[in-house]
Structure formats: structure tokens, C-alpha cells
Amino acid sequence: MRLTVFASGSSGNCLLLSGGRTNILIDAGISTRRIAALLGECCLTLQDIGGVLISHEHSDHIYGLKTLVKRSTCPIYAPRTVASRLRGMLPELDERLEVIPVGEDFSIAALSVRAFHTPHDTPESVGYRVSCGGVFAIATDMGCVTDEVRENLRGADTVLIESNHDEEMLRFGPYPPMLKRRILSDHGHLSNENCAALARELAESGTRTIILGHLSRQNNTPSTAMRAAEAALAGTGTEIFCAPELGCLSLKVEEACLESS
């Protein structure tokens, strides 16, 4: 299975997973034009996408969805509450939406998929665990690490987890107090420190590659996030990368080897 991160951050989130002959997107938070261009770099088109998994309805995860469904025929997968909110926001999705279970495995052709809840300030938000030979899991947009999150990330070969902010940068930065409280809450976003602690747990459970994602442009830097994670992962042998805000990071999940950036 191959993972290609197209974007990760507050300005947009989208990644491609390919296993066997099956290609899916997780979130579509960048323009369809950009998705199509990045797929082209992977020798794929929009018509090669077998489905789009949506984590939640915030704009940085669904920005390109309206146009994408006009230009492709793939189904859109979301848990019940997320699907209901998507129908209200984008009625044209109705016939394309497939409601998926949370906590139960289901299949998209060659891929086995499981959604699990993440604690965020929306009625429902999920991460995903996807298997096809290797196992990839993603959990972003979460204010704390719950037992459900741990259980579904543990043992995955490659994991993308949120490393949103440096707490000192956030506390002394320009955001208004209400927004700072929201980000720091248990339903906000995960700090570098908490991400690093989770990364250590995952490394000890067998995860070979960890990708830091959803970094804040204002309250974090890739080097700051990497320093925190590298300190936590010292001596584990686990590889660590930082997902691009906009760009292309491609990894082979089974071998956890960096292909391009």
C-alpha cells in the first residue's frame, strides 16, 4: 500500500491511499483542480478514485468536495452524523453518500477500512485505519488522546497524527483568548508535546513510521514539531516525517521508506 499526502494543515487536508488496484482519498480539503494535478503526478486521474473518506465537515476537509463529485463518479463515505451534516451543506452529495459504521471494518474493493471517533469541536469527527498488506492509520483534529484513538492507532505500520501547535507559541501568540481556549481544550487540537507522547506509545507498540500532520501555520513550525517528536522517539528506530502543508510526501506503507517530497 502506498500513501501520498497532498496537503495537511489548517488550509486544507487531503491524502491518497493506493492498495492493489484500489485508490481512495481521505478528505478533500483542497481544490479539485489541485487534487487532479497531484493525482496526475501519481499517474492517476479523478476517475481512478474508488471513494473518498470524510473525517468531518469542517471546510479544510471538504473544500473541494462539491466540484469533485461533479468531475468523478466515486462514492463519498462518512459516518452517520457527518453524512447528515454534509447533506445539509451540499445537497448534491445525497445520492453519492454512503453511511459507514464506526468501530466496524468495511471494505472498499481491496482495502479494509475502520473509522473511529476523535474528540473535536464538531458533532462527529473520525480518524481512519486502513489495511491492505500494511496498515495505515490517521488521527488529526483531536484535542486529546482517548482510549478509542489509542486502540485504533496501536500496531499500525505507518501513522499520521496531529502535531498542531506549540503551547508556548499559542499562549503568547496573536489569537484571541476564546480561540486559544478552543484549541487548548479536549475538543480542540493536539499539541506537539501530547503528539510526542502518543508517538512514543505507538513506536513501542510497533509503529515504524510516524508522520506529523495538521501543523498550525501561526502557532508551530515543522522544525519545532520535529524536535519534540524526535526527542520522544530517541532510541526507538522509528522514522519520522512532517507532512507538507501543500506538497507531496509519498511513502510505501509496508516498507516505510520515503519516496519523494
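The values are calculated or read from the model by the stated rules, or taken from the named source; none is laboratory data. Everything numeric in this text was worked out from a predicted model, so none of it was measured. Virtual Cβ from ideal backbone geometry, glycine too; neighbours counted across all protein chains shown. What goes into the accessible areas is simple: the full protein's heavy atoms, side chains included, and nothing from ligands, DNA or RNA. Shrake-Rupley method; radii C 1.70, N 1.55, O 1.52, S 1.80 Å.
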**Prompt:** Protein chains only, probe 1.4 Å: how do R21, R150, R217 rank by accessible area, largest first?
**Reply:** R21, R217, R150
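Could you sort K70, K252, K180 by accessible area so the largest value comes first, with the probe set to 1.4 Å? Could the numbers behind the result be given before it?
On the way: K70 145, K252 75, K180 35 Å².
So the residues, ranked largest to smallest area, are K70, K252, K180.
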**Long-range HN-HN contacts of T22 with modeled amide H, under 5 Å** = A110
**Prompt:** Over the Cα atoms of the range 116-258, how large are the radius of gyration and the largest Cα-Cα distance (Dmax), in Å?
**Reply:** 14.5, 46
**Item:** Per residue value of the accessible surface for the range 176-215 (all protein chains in place, 1.4 Å probe), Å²
**Value:** 44 Å²
**Fraction in percent of alpha-carbon pairs per bin - 10 Å, the chain** = 7, 33, 39, 18, 2, 0
**In Hz, Karplus ³J(HN,Hα) per residue of the range 108-117 (6.51, -1.76, 1.60; θ = phi - 60°; x = Gly, Pro)** = 10, 6, 7, 9, 9, 10, 9, 8, 9, 6
**Fill in**
Karplus ³J(HN,Hα) for the range 60-69 (6.51 cos²θ - 1.76 cosθ + 1.60, θ = phi - 60°; Hz, whole; x = Gly/Pro) runs 6, 10, 10, 3, x, 5, 4, 6, 4, 6
**Request:** Would you please give the residues with an amide H less than 5 Å from that of I211, counting only those at least 5 places away or on a separate chain, with H modeled from the backbone geometry?
**Result:** V159, L160, I161, F241
**Message:** Under the rule of at least 5 residues apart or a separate chain, name every residue whose amide H is placed under 5 Å from the amide H of G9.
**Reply:** H214
**Request:** Please give the net charge around E204, taking every other residue with its beta carbon less than 14 angstrom from that of E204, where Lys and Arg add +1 and Asp and Glu add -1.
**Result:** +3
**Item:** With all protein chains modelled, accessible area of R154 [1.4 Å, Å²]
**Value:** 120 Å²
**Item:** Accessible surface of the range 45-190 [probe 1.4 Å, protein heavy atoms]: carbon and sulfur percent
**Value:** 49 percent
**Prompt:** Mind listing the Cα extents of the range 47-134 along all three principal axes, in Å, largest one first?
**Reply:** 34, 33, 20
**Request:** Could you go through the range 91-107 in sequence order and give the Karplus-derived ³J(HN,Hα) for each residue, using 6.51 cos²θ - 1.76 cosθ + 1.60 with θ = phi - 60°, rounded to whole Hz, and x for Gly and Pro?
**Result:** x, 5, 7, 3, 6, 9, 7, 10, 6, 10, x, 9, x, 10, 6, 9, 10
**Item:** Accessible surface ranking that places the most exposed of D141, D186, D121 first, with a 1.4 angstrom probe
**Value:** D186, D121, D141
